[in-house]
Amino acid sequence: MNTEHRTQNTEHRTQNTEHRTQNTEHRTQNTLISLLKKINHIFHLDLTKNLKYDRLTHAILKRKLSLTSNCIDVGCHKGEILNLMMKYAPGGTHFAFEPIPYLFQNLKKAFGESVNLYPYALAERQGETTFRHVKNAPAYSGILQRKYDIPNPDIEEIQVEMKTLDEIIPENIHIDLIKIDVEGGEFGVLKGAERILLRDHPVIIFECGLGASDYYGTKPGDLFVFFTTKCGMNIYSLQSYLSNCKPFSISEFEACFQSNTEYYFVAN
């Protein structure tokens, strides 16, 4: 028995050591990523397209938000964009949504009562839904399975509540900016926010492209018509929006969608 206990204790110590090593590696990776983003914002190195999009998103928030702007972060993840919303609009009322349980708990610890946090997936209807949590690449997680640019995705199916923005955001709060990063489900989020879009015409920063949005049945022409005809808004790339260039035509937007030459956009 003593030998068994010693063996078990040794195994537990080994597991604890492995967990501490993994946590240290994650903290190191996060620190390096944060440092790269800070350097990129200063020097505009844009080593990857995602770093470029991070820099341009930062610039849009800095330019468009006032002290009392009200914002929504859909797919809040680790709260990086939410942090910027609070930095540039400290007097605003902010809403954030993150259905992955451990990320939601981390956000609660980080932000407390300073923002309105919800553990919901957002779509065009309410109910309960299966949510695919990609454990070894959480940023790929979403309601439906999509194309994953990683080997051997470890997918855990969890049940989460599904809501619409129109039912959650109070009618007396004017929304100035919405960021949507939901790995393909953005059209459903937008349809569920139609009242807000028609009334407030907020700046919308959203991800959309082949390999994710098409898994939800999204056609770029339909999304273009939704924004331009139904909501009276135009679609831009992040850079063209900052440079005050003309918006996309429907054929230009469809070409971007199909080629993924751009997959982050601004509607306004």
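The values are calculated or read from the model by the stated rules, or taken from the named source; none is laboratory data. The model shown is predicted, which means the values in this text are computed figures rather than measured ones. A quick note on method: Cβ atoms are made from the backbone with ideal geometry, for glycine too, and the neighbour counts reach across all protein chains shown.
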* **Long-range neighbours under 9 Å by Cβ, at least six apart or interchain, first residue under 14 Å from LYS219 (Cα atoms) within the stretch 253-268, second among the basic types (Lys, Arg) and at pLDDT 95 or above** => GLU254/LYS219; PHE257/LYS219
* Asked: Taking the stated definitions as given, is GLU124 in a helix (DSSP H, G or I) and surrounded by fewer than 20 Cβ atoms within 10 Å (Cβ to Cβ)?
  -> no
* Are there any pairs, at least 6 apart or on different chains, whose C-beta atoms fall under 8 Å, with the first in the stretch 73-91 and part of a loop (DSSP other than H, G, I, E, B) and the second among the small types (Gly, Ala, Ser), and if so, which? -> CYS76/ALA96; HIS77/ALA139; GLY79/ALA96; GLY79/ALA110; ALA89/SER66; ALA89/SER69
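In this structure, is SER237 surrounded by 15 or more Cβ atoms within 10 Å (Cβ to Cβ), of a type in the set (S, T, N, Q) and within 20 Å of THR48 (Cα to Cα)? Lay out the reasoning, then the answer.
Details: surrounded by 15 or more Cβ atoms within 10 Å (Cβ to Cβ): yes; of a type in the set (S, T, N, Q): yes; within 20 Å of THR48 (Cα to Cα): yes.
Criteria met by SER237.
So is LEU67 in contact (Cβ under 8 Å) with a residue 40 or more places away in the chain, assigned to a loop (DSSP other than H, G, I, E, B) and closer than 25 Å to LEU197 by Cβ or not? Lay out the reasoning, then the answer.
Working: in contact (Cβ under 8 Å) with a residue 40 or more places away in the chain: no; assigned to a loop (DSSP other than H, G, I, E, B): yes; closer than 25 Å to LEU197 by Cβ: yes.
Criteria not met by LEU67.
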* Do we find that ARG146 is within 22 Å of LEU223 (Cβ to Cβ) and exposed (fewer than 13 other Cβ atoms within 10 Å of the Cβ) in this structure? -> no
* Odd one out for ALA123 among (1) more than 24 Å from SER66 (Cα to Cα); (2) free of Cβ contacts under 8 Å to residues at least 40 places away in the same chain; (3) aliphatic (A, V, I, L, M) -> (2)
* Identify, please: which residue in the stretch 195-225 is of a type in the set (D, E, K, R), more than 19 Å from LEU238 (Cα to Cα) and in contact with a helix residue (DSSP H, G or I) (Cβ under 9 Å, 6 or more places away or on another chain) and is, among those, surrounded by the fewest Cβ atoms within 10 Å (Cβ to Cβ)? -> ASP222
* Structure fact -> Pairing a residue in the stretch 225-236 that is free of Cβ contacts under 8 Å to residues at least 60 places away in the same chain with any residue that is among the hydroxyl-bearing types (Ser, Thr, Tyr) and in a helix (DSSP H, G or I), where Cβ atoms lie under 8 Å and the two sit 6 or more apart in sequence or on different chains, gives ASN234/THR228; ILE235/THR228
* Assess whether LEU107 counts as being of a type in the set (A, V, I, L, M), surrounded by 21 or more Cβ atoms within 10 Å (Cβ to Cβ), in a helix (DSSP H, G or I) and without any contact (Cβ under 8 Å) to a residue 60 or more places away in the chain. => yes
